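Written out below as structure tokens is the structure these notes cover.
Derivation of every value follows stated rules applied to the coordinates shown; laboratory data play no part. This is a predicted model, so every value here is computed, not measured. All Cβ positions, glycine included, derive from the backbone under ideal geometry; neighbour counts span all protein chains shown.
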Amino acid sequence: MSECIFCKIAAKEIPAQILYEDDVMMAFHDVAPQAPVHILMISKKHIISLDDCKKEDEELLGKMLNKVKEIAKSAGMENGYRLVINCGEDGMQTVQHLHFHLLGKRKMTWPPG
């Protein structure tokens, strides 16, 4: 996906403040944060959205979800955090690449949107 910004970040064609990286995923600070700490977690595999995940992506999704607590702790979110996955137009997904928003270091409100 040559035009996908997250694919370009994963390929290190665009710089990012990377907090975590392994062979299947990456976590980095959002350049337009919506909380004092706003981390984006992306799969290195180009998957458009959660709706596009397949059976073979279960291991990847499990690994990403399992890394949330470690990344949150390393970013100082010991008092809690919010994890958001936007999906589709009504869900306000603006980048067509599966990603998680990990937000923290402030009291979250409800309802969120």
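Couple of notes before you dig in:
- If you run the Gaussian network model on the chain, springs between alpha carbon atoms under 10 Å, then out of Asp57, Asp22, Asp90 the most flexible one is Asp90.
- In degrees, nearest ten, helix 58-74 long axis to first principal axis of the chain (Cα): 30 degrees
- Springs join every pair of Cα atoms under 10 Å in this Gaussian network model of the chain, and among His38, His97, His46 the largest mean-square fluctuation is at His46.
- For the chain, with +1 on Lys and Arg beta carbons and -1 on Asp and Glu, the positive-most of Ile42, Leu83, Ala11 along the dipole: Leu83
- Loop trypsin sites (Lys or Arg not before Pro), the stretch 22-84, which have at most 11 other Cβ atoms in a 10 Å radius of their Cβ (DSSP): Lys54
- Dipole size of the chain about its Cα centre, with +1 on Lys/Arg Cβ and -1 on Asp/Glu Cβ: approximately 500 debye, rounded to the nearest 20.
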